[in-house]
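Trainee: Let me give you the structure first, and then I'll get to my questions.
The values are calculated or read from the model by the stated rules, or taken from the named source; none is laboratory data. Model, not experiment: these values are computed from the prediction. Neighbour counts run over all protein chains shown; Cβ positions are idealised from the backbone, glycine included. For accessibility, only protein heavy atoms count, side chains too; no ligands or nucleic acids. Shrake-Rupley method; radii C 1.70, N 1.55, O 1.52, S 1.80 Å.
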Amino acid sequence: MEITLRSYQEEVVQAALKGENSIIWLPTGGGKTRAAVYVAKKHLETTRNAKVAVLVNKVHLVDQHFNNEFNPYLGKAYRVKAISGDSSDKDLFGRLVKDSDLIICTAQILENALNSSEEEKHVELTDFSLLIIDECHHTQKESVYNKIMGRYVEKKVRKERKLPQVLGLTASPGTGGNKTLAKAVEHVLQICANLDSVIVSTKNYASKLKEVVPRPRKQYDIVEKRALDPFGDHLKLMMSLIHEFMPSTVSRSLREVGTQDYEADVVELEKTGVKEENRLITQCALHLRQYNDALLIHDTVRMVDAFNVLDEFYNSRSNKLLDGTDFFLQGLFDENRVELKQLALDARYENPKLAQLQRTLLKEFKENKMSRGIIFSKTRRGTHCLYDWVNANHELQKVKISAGILTGTGTGVNHMNQNKQKNTIKDFRLGHLNLLISTSVAEEGLDIAECNLVVRYGLLTNEIAQQQASGRARALNSVYSVVAEKGGRELRREFTNEYLESLTSNAIDQVQSMSPREFRIKITELQQMAVLIRIEAERKKDARKQRYSPDQVHLQCRGCFVFVGLGEDIRKIENSHHVNINPEFQRHYRTGKQVFLEKTFEDWEPGQVINCRKCGKDWGMEIKFKKVAILPCLNIKSFSLDTPGGKFTHKQWKDVEFQVTEFDFIDYMSSRFPDLDLDD
Ligand SMILES: [Zn+2]
């Protein structure tokens, strides 16, 4: 197929066609990917031994880019391949790269291949002649994109040759959280330095671009705060009883309930409790977090959704009641459950934002029977609550609203699998669904049918996500509605984001008006700094890993503080799963339900969930390695580490301060069957 570009696309690919590293900045709907296909085509036609890698940041974008863009235009003349995380092809990445001209994969797959020492898997950056990086504003800090580009920049600083050309694509680089022009300029320059690229946008055809990508009409659908809120008041009353149960110095230190600040405070409080082995504090903090979650949900969706959060928490707990704190907390909920539920069902005090959302939806769907809408909400749970609300709402059903949920793919219970997500998007395109309810990150880059209504509902995001959301309203006469409470934080954030959006474009203007020499000096300086910082950070990280000897580190259950094992019992599998190989460990846990995972793994499969035998805390699951070895795989969040330097809690295993050795199957099995006498 022939590729025809619009005038503004033609303009923004010029730098790339000359072989320069560049970032293309075009709004959502402007046709960035098509422009990239064009660059790839010209590159393949004119470069000897050309090899192109297209990197995406989400698994489902691999197939989308392959099916909709790269394969239709390039598949005839070139060997175009797509590799997603689920395919077993990724294990032969090195060989696949050799046998193709253009490869589309997630950045993580390339990063793994760059790190791999096995010949079949390994690749070098210099194996490629062009790297296309989708949604390249993520190339910063610790992101996978930035790990890959970090290598690139280091090679460049070390004056290595034969580095591939870079082409970044973004709808907005953002301001990086900065609110002044000078800082925003710094941020844009940093992104340019990370991608070793200039940033290009259309100068001569801006009006054409506006025509192609019209901005939707923005409307603020603002509601007053509830005048009376008996349900919320009752939740707060219960929280104050828990506050009274704790030492007063502790409860006084917490900020206002029902806020993100409060959540941060109780998360910290739980950690402090663990360090002091104070169960009263840790358990109260954990439960208060649930109550606070309920308040946050109460603020966004229905009262009954908030009630369900708590009810599920208390029902699903396999935890035993160990001491007075457990009896108090469980008792408090049990005594109030009936009343709380009654209050939750009293329609007089229902969330006014929902009534407004209903009006907004009805208006569009009544006027235009062919309407397509998308609601952005904050959390996965929020999308499910709104979905239930739509389906239970007679008025919305009368205008034939048929909703579907779109959330990110992942492994948790509320995550969608890739096929389900594909089907939802397909149903939406075909019109079987006419309303998508999505988290703001889930839809980034997805090829969704044109919408005439976009609603941001109870949402706090940065300016990039806001712009991307607004870019979804592309149909003629489309509406972009912000449903929020008068004077609330969502509204303030919306206004801030509007300001940041214009700040971003001013910052880009300023960067583009720098002289080439001035720009290059600045970029080189930032790159040299980044390399030095990275080397020093690596050194520190290595030192941290060696801080304690594995036999000095004791694992304690985070729920009841019982000692269960040593750091030296831990082995890692595929660099991410951590198992305890000490047979003694078994007596500390009991097993529960069988775990099912969507993904399959090379060497192992999931077994049953495991819980602390003493307090019932969820610890992780058993895994079956090579079908024979059953090993408990531990979630570090469920434990605290007692070291000579004090007690520590970690979110991820990679943060622990002792060396964890790689799991060795033969070593492990032969230790179980010593008479076998296997040679090393
Ligand atoms: Zn325990």
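Trainee: Taking the condition of a type outside the set (G, A, S) and open to solvent by less than 90 Å² (accessible area, probe 1.4 Å), does E657 pass?
Mentor: Against the criterion (of a type outside the set (G, A, S) and open to solvent by less than 90 Å² (accessible area, probe 1.4 Å)), E657 qualifies.
Trainee: Please go through segment 538-562 and pick out each residue that is among the small types (G, A, S) and within 16 Å of the ligand (Cβ to nearest atom).
Mentor: Result: G559, single match.
Trainee: Next question, about the same structure. Being crowded, with 16+ Cβ neighbours inside 10 Å, in contact with a Pro (Cβ under 7 Å, 6 or more places away or on another chain) and either of a type outside the set (A, V, I, L, M) or in a helix (DSSP H, G or I) (or both) is the requirement here; does L295 meet it?
Mentor: no
Trainee: Checking I535 against (1) open to solvent by 70 Å² or more (accessible area, probe 1.4 Å); (2) assigned to a strand (DSSP E or B); (3) more than 16 Å from the ligand (Cβ to nearest atom), which test does it fail?
Mentor: Against the list (1) open to solvent by 70 Å² or more (accessible area, probe 1.4 Å); (2) assigned to a strand (DSSP E or B); (3) more than 16 Å from the ligand (Cβ to nearest atom), I535 comes up short only on (2).
Trainee: With the structure loaded, tell me whether L386 is over 24 Å from D311 (Cβ atoms), among the hydrophobic types (A, V, I, L, M, F, W, C) and not assigned by the TED database to the domain that holds D305 or whether it fails that test.
Mentor: No.
Trainee: Is segment 556-567 home to any residue that is closer than 30 Å to P583 by Cα, open to solvent by 50 Å² or more (accessible area, probe 1.4 Å) and touching a strand residue (DSSP E or B) at 6+ places or on another chain (Cβ under 9 Å)?
Mentor: Yes, segment 556-567 contains a residue that is closer than 30 Å to P583 by Cα, open to solvent by 50 Å² or more (accessible area, probe 1.4 Å) and touching a strand residue (DSSP E or B) at 6+ places or on another chain (Cβ under 9 Å).
Trainee: Please state which one of M514, M529 is outside any helix (DSSP H, G or I), of a type in the set (A, V, I, L, M, F, W, C) and without any contact (Cβ under 8 Å) to a residue 24 or more places away in the chain.
Mentor: Criteria check complete, one pass: M514.
Trainee: Can you tell me which residue in segment 103-150 is most open to solvent (accessible area, probe 1.4 Å), limited to those that are acidic (D, E) and more than 20 Å from A530 (Cα to Cα)?
Mentor: The extreme case among them is E119.
Trainee: Kindly list the number of the only condition in (1) open to solvent by less than 80 Å² (accessible area, probe 1.4 Å); (2) over 24 Å from T272 (Cβ atoms); (3) in contact with a strand residue (DSSP E or B) (Cβ under 7 Å, 6 or more places away or on another chain); (4) at pLDDT below 95 that fails for K617.
Mentor: K617 satisfies every listed condition except (2).
Trainee: Return the residues of segment 78-109 that are modelled with pLDDT under 90 and acidic (D, E); say none if nothing qualifies.
Mentor: Passing the criteria: D86, D89, D91.
Trainee: Oh, and also: So which residues in segment 632-643 are within 15 Å of E568 (Cα to Cα) and either open to solvent by 20 Å² or more (accessible area, probe 1.4 Å) or without any contact (Cβ under 8 Å) to a residue 24 or more places away in the chain (or both)?
Mentor: D642
Trainee: Identify all residues within segment 432-458 that are open to solvent by less than 10 Å² (accessible area, probe 1.4 Å), of a type outside the set (V, I, T) and closer than 21 Å to D221 by Cα; write none if there are none.
Mentor: Passing the criteria: L435, L436, S438, C451, L453, R456, Y457, G458.
Trainee: Any residue that is surrounded by 14 or more Cβ atoms within 10 Å (Cβ to Cβ), in a helix (DSSP H, G or I) and modelled with pLDDT of 95 or more - is there at least one of those in segment 492-499?
Mentor: For segment 492-499, residues surrounded by 14 or more Cβ atoms within 10 Å (Cβ to Cβ), in a helix (DSSP H, G or I) and modelled with pLDDT of 95 or more: absent.
Trainee: Collect the residues in segment 588-617 that are more than 25 Å from the chain's Cα centre (by Cα) and under 26 Å from E662 (Cβ atoms), keeping them in residue-number order.
Mentor: H588, Y589, T591, D603, W604, G607, Q608, I610
Trainee: Same structure, new question: So which residues in segment 58-75 are touching a residue at least 24 places away in the same chain (Cβ under 8 Å) and either outside the structural domain of Y145 (by the TED database) or over 18 Å from T424 (Cβ atoms) (or both)?
Mentor: Within segment 58-75, H65, F66, E69, F70, P72, Y73, L74 meet the criteria.
Trainee: So which residues in segment 63-75 are farther than 13 Å from E135 by Cβ and not hydroxyl-bearing (S, T, Y), if there are any at all?
Mentor: Result: D63, F66, N67, N68, E69, F70, N71, P72, L74, G75.
Trainee: Quick check on my filter: what residues within segment 150-173 are at pLDDT 95 or above, closer than 17 Å to S201 by Cβ and among the hydroxyl-bearing types (S, T, Y)?
Mentor: T170
Trainee: Here is a check on your reading of the model: is L532 within 26 Å of the chain's Cα centre (by Cα) and among the aliphatic types (A, V, I, L, M)?
Mentor: No; evaluated as a whole, the condition is false for this residue.
Trainee: Quick one: in segment 132-163, which of the residues that are outside any helix (DSSP H, G or I) and among the polar types (S, T, N, Q) is nearest to V213 (Cα to Cα)?
Mentor: The qualifying residue nearest to V213 (Cα to Cα) is T139.
Trainee: Separate question: Taking segment 513-532 only, how many residues are of a type in the set (G, A, S) and open to solvent by 100 Å² or more (accessible area, probe 1.4 Å)?
Mentor: Number satisfying all stated conditions: 0.
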